[in-house]
Each structure stands twice: as C-alpha cells, then as structure tokens.
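First the structure, in the form of structure tokens, and then the observations on it.
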C-alpha cells in the first residue's frame, strides 16, 4: 500500500510512521525537512511546504496514493488546499481532528463518536470542527473519501502531560508548589503514541472507515492528582500540589486557560468500541505509569533537555500569590 503522510515526524505521527513501515507499507512523507525528529529509515521524503500549494504540487509530482494523512491541518483553508491537491489521486484521505472538538463540558460520559461537536471555549477546537464539517460536505457532495480521526491527549517520551513541561518537574525537584487545576479529581485519558499507532495503522486503506469518524485512546482513566503524583514519583520526589480554579489560571494566562476551560478541566473518558470494531486487534497496552518512566529516562539521559522556562515560573508564582490572597 502506497501511503502519504503530510508531516509524519511529530509526537503522534512518528510512531505511526515507524509502524506503517514495519508492516510493509510504501511510505512517503511530505514535509519541509525541519523536524527535530528525523524521518524513519525506509520512508521516502518529498520536500515541500503544504502551506504553499505550488511547492506541495511540485513535490508530489505525478504520485497517486492509496491513502493520504494530513497530520498538520488545523483550519478550513488547510482542508481546501488538500481537497484541491488530492481529488482523484487518493483512495482515502484521513484528517487528524481532535477529541477536544467534542461537547465541552460533556453532557454525559463516556464520550462516543456520536457525541455532539461543540466547544465554545477553545478556538483550536472550533477550527477542527469547521474542518470536519467541510470534509463531511465534500464526502456527501462529491464522495471525497474521507476518514476523520480524533486523538485525545497522546504523548511520547519527550512530552510531559502538564502545562510547563519540565519546568513543573524542576519545581517539584526544588520543593516549590505546582499548580493543579480545579480540585484535581477530574478524570483524564493519556494515550501512548505507540498504542495510538496500532489503532491508526489498521485504518489505512480500510474501506469500512471511509465516511466515518473515530477516536483512538487508551482505556485508562486517571485523575489530574494521580497524573501529577505519578510524574513526581518517577522524578523521585513528593509533589507540593496547590489546587487553583481554572478560571483564575485563565485570568493570568489566557492560553493556558483556554486549554483548561476548553479541554482539560473537564472529565473526558472515551468509549473505544468503534475503533475496536474497525481494527479488531487494537488494544492500548502501555499504562501511564510505564510511559512516565520512559519520559523521565529521556530527560535524564541528557541534562540539556531539562529546559526551564523562567516566564512560566513567573506566571505560576503570580497565580499562586493571587490565589493565596483569596484562599490563604
């Protein structure tokens, strides 16, 4: 099977690229060659800029594909570019959406693919919804062979799951307080990228996935208190957690707040029946307790990776000081 990934070297897509190659797929990557993660051995790299349609068209040449996956489409304009580029030259187009597009806060749990798409808090999610709507219209009106995949919080060995990344671990190591939004009891789903890849690769070239939307997540549910405690345990310390309302965080850092109010502040657990039906051998087998050990090992392997963000420390201290004024 001849497959094109637009991107293909990111947090999620790097694991999918490796597995696609292991399963014998003829994998092409269209990107600018600037990623910190190298292209996997065996992939054929087409150097081009998907944000420049003429550059992308030149890089693609006369290639046709059994499946095309765009890992870096975020707005309807990006989708329009893909429609123009790939009409008639692919049997399947997979759009990477986001589970944050689901109704927020959710009216009920677990989330299924039929849950309403509605996120009034986060522009990123509304853009993804608009992309999905355009592709559904293209499927209905011209049978453009669309599959929509909605990842939730997917990580690799380089990605800590909380805002601030290593800076939060550094605060833990120095005995400083760290912020957990709300009361820390909302439930969250973290998915290792190698687990996600097993579900995703099974969708490539799958006729039954055309015209469908599906999410791919772990079946493990953790509270944010547990997540922070597991990170601290892997770092060898006890965390000094301070619970702060998401609205207060948003008042001091709108970007951090948007990601909370539009996603992480609400319990989000998923029913994975559909992906298991489409890809019967899919199972998420890597618990976060094991994944966080991989993360910590990656950071410890090279101290240069342990980058502290002074600006994030300043924001944390400002929020903690403000919270102490009203809740001493």
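Annotations
- For the pair residue 251 and residue 140 in one chain, pulling the backbone fully straight at 0.36 nm per residue adds 35.7 nm over the alpha carbon distance.
- Length gained when the stretch residue 158-residue 34 is fully extended (0.36 nm per residue, less Cα-Cα span): 42.9 nm
- FRET E, pair residue 321, residue 298, Förster distance 30 Å, beta-carbon r, rounded to 0.05: 0.35
- Over the chain, relative contact order from alpha-carbon pairs under 8 Å, at least 6 apart, %: 18 percent
- Computed [θ] at 222 nm, deg cm²/dmol, the chain (DSSP H ≥ 4; -39,500 (n - 2.57); rounded to nearest 500): -11500 deg cm²/dmol
- Packing rank of 81-92, 309-320, where each peptide gets the mean count of other beta carbons within 10 Å, highest leading: 81-92, 309-320
- Relative contact order %, segment 121-226, counting alpha carbon pairs below 8 Å whose residues are six or more apart: 37 percent
- Applying 0.36 nm per residue to the separation of residue 258 and residue 49 and subtracting their alpha-carbon distance, the gain on full extension is 72.3 nm.
- Among 50-57, 212-219, the order from most to least packed when residues are scored by Cβ within 10 Å on average: 212-219, 50-57
- In the chain, the alpha-carbon atoms span a convex hull of 134 Å³ per residue.
- Fraction of antiparallel bridges per DSSP, the chain only, in percent to nearest 5: 10 percent
- Per-selection Kirkwood Rh - segment 57-178 (Cα, Å, 1 d.p.): 16.8 Å
- Most fluctuating residue given options 250, 301, 43, as computed from a GNM of the chain linking Cα atoms under 10 Å: 301
- Using distinct alpha-carbon pairs, which all enter the 1/r mean, Kirkwood radius of segment 1-137 in Å: 15.9 Å
- Label-to-label distance for residue 58 and residue 308 is 4.6 nm, based on points extended 7 Å past Cα in the beta-carbon direction.
Coordinate-derived values only; no laboratory data. These figures come from a predicted structure and were not determined experimentally. Glycine gets a Cβ as well: all are built from the backbone with ideal geometry, and neighbour counts include every protein chain shown.
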